[in-house]
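The values are calculated or read from the model by the stated rules, or taken from the named source; none is laboratory data. Note that the structure is a prediction, hence the values are computed from the model and not measured. No Cβ is skipped: glycine too gets one built from the backbone with ideal geometry, and neighbour counts run over all protein chains shown. Calculation scope for accessible area: heavy atoms of the full protein, side chains included, ligands and nucleic acids excluded. Shrake-Rupley method; radii C 1.70, N 1.55, O 1.52, S 1.80 Å.
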Amino acid sequence: MSTLIYLGLGSNQNRDHHLGQALDFLAALLIDFQCSPVYSSASVGCSGDDFFNLIVSGHTDLSLDQLSRAFKRFEAQHIRLLNPKIVLPIDIDILLYGDYVGEYDCGVLPRSDLIDRPYVMMPIAALAPDAMHPITGKSYKAAWLEFERQMSPKEKPVMIACSLIRMNLSS
């Protein structure tokens, strides 16, 4: 049985290239693959370059554990540097796995980023505005609009134009 999933993708090194590789990987892995626009946001909690972030949705027949392992293998192909600055060529986070709520081997679902991180909230509001958070019951659009009112303009992610958007919309 196919499960609808939402994934958060981010990169702060050779961003177009690494996100492009991740999107190719995910497009081959998921059914009904869709992606949000790409947003740029400051590197919070690290000294690396600004991040490019987006949200991807699709259906999968893989279990949560199988999916998690596949993403970790893909991420391991790209060297992550933690010193002197944090460099993440590619980061893939499972945000939602169907209607699953609870712990799994890599954390808790739904991820709290869906309600407290603008670089996740803004793209999911663009991709799935009417979808509802499984715990709060709010739509992602409503949650983003409420959160955005409390932000300074400097904190808000900025939608960018890059080759990733054109490449994946034409697929």
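Solvent-accessible surface of the chain, averaged per residue with a 1.4 angstrom probe and all protein chains in place: 52 square angstrom.
With the highest mean first, a sort of the peptides 68-76, 109-117, 49-57 on other beta-carbon atoms found within 10 angstrom per residue produces 49-57, 109-117, 68-76. Paramagnetic label reach from A42 (point 7 Å along Cα→Cβ; backbone nitrogen cut-off under 19 Å): within segment 127-153, residues 147-153.
In terms of solvent-accessible area of protein heavy atoms at a 1.4 angstrom probe, what is the ranking of I160, I31, highest value first?
Most to least solvent-accessible, the answer reads I31, I160.
Given a 1.4 angstrom probe, I'd like the percentage of the accessible area of segment 49-129 that is carbon and sulfur, rounded to a whole number.
52 percent
Taking amide H atoms as placed 1.01 Å from N in the peptide plane, the amide H of N14 has no partner under 5 Å among residues 5 or more positions away or on other chains.
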